[in-house]
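Presented below is the structure to which this report refers.
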Amino acid sequence: MVIGALGFSPIRGLLFLRMGGEALKGHLDLLLLTSIEAGATHGYAIAEKLRQTSEGTFDLPDGTIYPALHRLRDAGLVTSKWSNDGRRRRRIYALTPRGQKSLTEQRANWKRFERGVRSVLALPSA
Amino acid sequence: MTEPRELSEYLDEVDRALRGRRKRRREIIEELCGHLLDELEKTPESGPSVRRIIDQFGSPRVITDGFNEVHRAKRLRFARSALALTAFSAIGGYMTQNTLTPTGSEVSRPAARAQSEARSVFGIANVIALDPTTGRVVHISRHTSE
């Protein structure tokens with residue numbers, strides 16, 4: 001059925017949103033800014049990095065990161081420019097000083113949130 | 001690498017649903033196409049098919065909804081800025097119009113008295129009279145001393 005076809009289903013995008021994807025959406029900006037923080041890079045590399053560093057936990061539909069990246073660019077948190085490596089053009093994203101500041105704030109908010117949840121769940125500190 | 005037919009059809013579907021100027025849509029399609037071609041090149045021949053890679057990328061609906069939302073937000077910001085600028089210009093124009101009054105019968109009595117005194121005492125060529133009752137600059141005139 002639908003859940004069994006989670007791997008490569010045509011409606012995987014919608015499933016992602018229903019099964020915890022909404023929680024991820026709220027933190028997608030933080031994840032994207034963190035991925036770009038190490039250095040200017042393009043969307044494909046960002047998606048790969050997210051998948052690998054999360055050990056497969058954040059296996060979101062790759063295409064969904066692009067509207068988010070464009071939103072971050074419109075908000076002035078990242079810049080983008082086209083780069084040609086000989087094979088094809090790629091849009092490279094880089095963090096702005098404002099983006100770095102936002103990332104620092106979001107990280108602090110996340111740590112506060114995580115401490116609160118751990119406290120409520122009575123889990124040991126990380 | 002040439003685009004497989006399924007990839008072209010997918011990108012055409014995304015392009016049809018995207019909103020905004022042609023240049024913006026073209027660049028979005030180019031960016032998405034680059035990602036999918038990167039994925040295809042990385043995939044061995046025995047790996048997932050083009051169709052499965054496209055499915056993993058996300059449905060056209062999910063992708064375009066995201067982009068169109070970004071486009072809508074940008075247009076809303078622009079409209080708000082234009083409205084604020086228009087309102088500011090209108091207010092500024094109104095205030096300017098009411099501050100500088102052309103030469104004529106609109107000059108108030110206290111201002112006219114002050115202007116007359118300035119002419120007789122100083123004999124200056126140009127007189128700007130400050131209306132003491134309203135505090136406005138009410139008169140700019142050219143006067144040659146007698």
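State yes or no: is B:Gly93 more than 13 Å from the chain's Cα centre (by Cα) and facing another protein chain (nearest Cβ under 8 Å)?
Numbers: more than 13 Å from the chain's Cα centre (by Cα): yes; facing another protein chain (nearest Cβ under 8 Å): no.
Taking the combined requirement at face value, the residue does not satisfy it.
For the stretch B:19-28, give me each residue that is surrounded by 15 or more Cβ atoms within 10 Å (Cβ to Cβ) and away from chain A (no Cβ under 11 Å).
B:Arg25
So A:Tyr44 passes all but one of these: (1) aromatic (Phe, Trp, Tyr); (2) modelled with pLDDT under 90; (3) in contact with a Gly (Cβ under 9 Å, 6 or more places away or on another chain). Which condition number does it fail?
It is condition (2) that A:Tyr44 fails.
Just checking, how many residues over the stretch A:111-126 are surrounded by 13 or more Cβ atoms within 10 Å (Cβ to Cβ) and within 18 Å of the chain's Cα centre (by Cα)?
Residues of the stretch A:111-126 that are surrounded by 13 or more Cβ atoms within 10 Å (Cβ to Cβ), as a first pass: A:114, A:118.
Keeping just the survivors that are within 18 Å of the chain's Cα centre (by Cα) gives A:114.
Of the residues in that region, 1 qualify.
Find all pairs meeting these conditions: Cβ atoms under 8 angstrom apart; at least six residues apart or on different chains; first residue within the stretch A:98-114 and on the phi < 0 side of the Ramachandran plot; second residue at pLDDT below 90.
Close Cβ pairs (under 8 Å, with a partner that is at pLDDT below 90) amount to A:Trp110/A:His27; A:Glu114/A:Ala126.
For a quick check of your reading of the model, give me the residue pairs whose first member lies in the stretch A:55-70 and is facing chain B (nearest Cβ under 9 Å), whose second is in a loop (DSSP other than H, G, I, E, B), with beta-carbon atoms closer than 9 Å and at least 6 apart or on different chains.
A:Leu60/B:Gly58; A:Pro61/B:Gly58; A:Pro61/B:Ser59; A:Asp62/B:Gly58; A:Gly63/B:Gly58; A:Gly63/B:Ser59; A:Thr64/B:Gly58
Go through the residues of the stretch A:59-66 one by one and say whether even a single one is open to solvent by 30 Å² or more (accessible area, probe 1.4 Å) and not small (Gly, Ala, Ser).
In the first step, residues of the stretch A:59-66 are kept if they are open to solvent by 30 Å² or more (accessible area, probe 1.4 Å); the result is A:59.
After this cut, where a residue has to be not small (Gly, Ala, Ser) as well, the list is A:59.
Within the stretch A:59-66, one or more residues are open to solvent by 30 Å² or more (accessible area, probe 1.4 Å) and not small (Gly, Ala, Ser).
Can you tell me which residue within the stretch A:80-104, out of those that are under 16 Å from the mean Cα position of the chain (by Cα) and open to solvent by 10 Å² or more (accessible area, probe 1.4 Å), is nearest to the other protein chains (Cβ to nearest Cβ)? Break it down stepwise before answering.
First, the residues of the stretch A:80-104 that are under 16 Å from the mean Cα position of the chain (by Cα): A:92-95, A:99-100, A:102-104.
Filter again for open to solvent by 10 Å² or more (accessible area, probe 1.4 Å), leaving A:92, A:94-95, A:100, A:102, A:104.
Numbers: A:Ile92: 11, A:Ala94: 15, A:Leu95: 18, A:Gln100: 22, A:Ser102: 17, A:Thr104: 24 Å.
Once the filter is applied, the top-ranked residue is A:Ile92.
Condition first: open to solvent by less than 30 Å² (accessible area, probe 1.4 Å), among the aromatic types (Phe, Trp, Tyr) and within 12 Å of another protein chain (Cβ to nearest Cβ). Can you find one or more residues in the stretch B:71-80 that meet it? Explain how you work it out, then say what you get.
Filtering the stretch B:71-80 down to residues open to solvent by less than 30 Å² (accessible area, probe 1.4 Å) leaves none.
Checked against the condition, which is being open to solvent by less than 30 Å² (accessible area, probe 1.4 Å), among the aromatic types (Phe, Trp, Tyr) and within 12 Å of another protein chain (Cβ to nearest Cβ), the stretch B:71-80 yields no hits at all.
So which residues in the stretch B:2-59 are touching a His at 6+ places or on another chain (Cβ under 6 Å) and either small (Gly, Ala, Ser) or touching a residue at least 60 places away in the same chain (Cβ under 8 Å) (or both)? Walk me through it before giving the result.
Of the stretch B:2-59, the ones touching a His at 6+ places or on another chain (Cβ under 6 Å) are B:19-20.
Matches in the stretch B:2-59: B:Gly20 only.
Return the residues of the stretch B:1-41 that are of a type in the set (A, V, I, L, M) and more than 36 Å from the chain's Cα centre (by Cα); say none if nothing qualifies. Steps first, please.
Keep residues of the stretch B:1-41 that are of a type in the set (A, V, I, L, M), which gives B:1, B:7, B:11, B:14, B:17-18, B:28-29, B:32, B:36-37, B:40.
Answer for the stretch B:1-41, where residues must be of a type in the set (A, V, I, L, M) and more than 36 Å from the chain's Cα centre (by Cα): B:Met1, B:Leu7, B:Leu37, B:Leu40.
Among the residues of the stretch B:17-29, is there at least one that is in a helix (DSSP H, G or I) and farther than 23 Å from A:Leu72 by Cβ?
Of the residues in the stretch B:17-29, the ones in a helix (DSSP H, G or I) are B:17, B:22-29.
Checking which are farther than 23 Å from A:Leu72 by Cβ leaves us with B:22.
Yes, there is a match, as at least one residue in the stretch B:17-29 is in a helix (DSSP H, G or I) and farther than 23 Å from A:Leu72 by Cβ.
Residue check: is B:Glu39 open to solvent by 30 Å² or more (accessible area, probe 1.4 Å) and either facing another protein chain (nearest Cβ under 9 Å) or touching a strand residue (DSSP E or B) at 6+ places or on another chain (Cβ under 8 Å) (or both)? Steps first, answer last, please.
Working: open to solvent by 30 Å² or more (accessible area, probe 1.4 Å): no; either facing another protein chain (nearest Cβ under 9 Å) or touching a strand residue (DSSP E or B) at 6+ places or on another chain (Cβ under 8 Å) (or both): yes.
Criteria not met by B:Glu39.
Taking the stretch B:42-68 as the search range and keeping residues that are open to solvent by 50 Å² or more (accessible area, probe 1.4 Å) and more than 7 Å from chain A (Cβ to nearest Cβ), which one is farthest from the chain's Cα centre (by Cα)? Quick ask: steps written out before the conclusion?
Going residue by residue through the stretch B:42-68, those that are open to solvent by 50 Å² or more (accessible area, probe 1.4 Å) are B:42, B:44-46, B:48-49, B:51-52, B:61, B:65.
In the following step, the residues that additionally are more than 7 Å from chain A (Cβ to nearest Cβ) were identified as B:42, B:44-46, B:49, B:51, B:61, B:65.
Numbers: B:Lys42: 43, B:Pro44: 48, B:Glu45: 50, B:Ser46: 52, B:Ser49: 45, B:Arg51: 42, B:Arg61: 29, B:Asp65: 24 Å.
The qualifying residue farthest from the chain's Cα centre (by Cα) is B:Ser46.
The values are calculated or read from the model by the stated rules, or taken from the named source; none is laboratory data. Predicted model only: the values in this text are computed from it and were never measured. Here the Cβ is made from the backbone with ideal geometry for all residues, glycine too, and neighbour counts use every protein chain on show. Heads up: the accessible areas ignore ligands, DNA and RNA and are worked out on the full protein's heavy atoms, side chains in. Shrake-Rupley method; radii C 1.70, N 1.55, O 1.52, S 1.80 Å.
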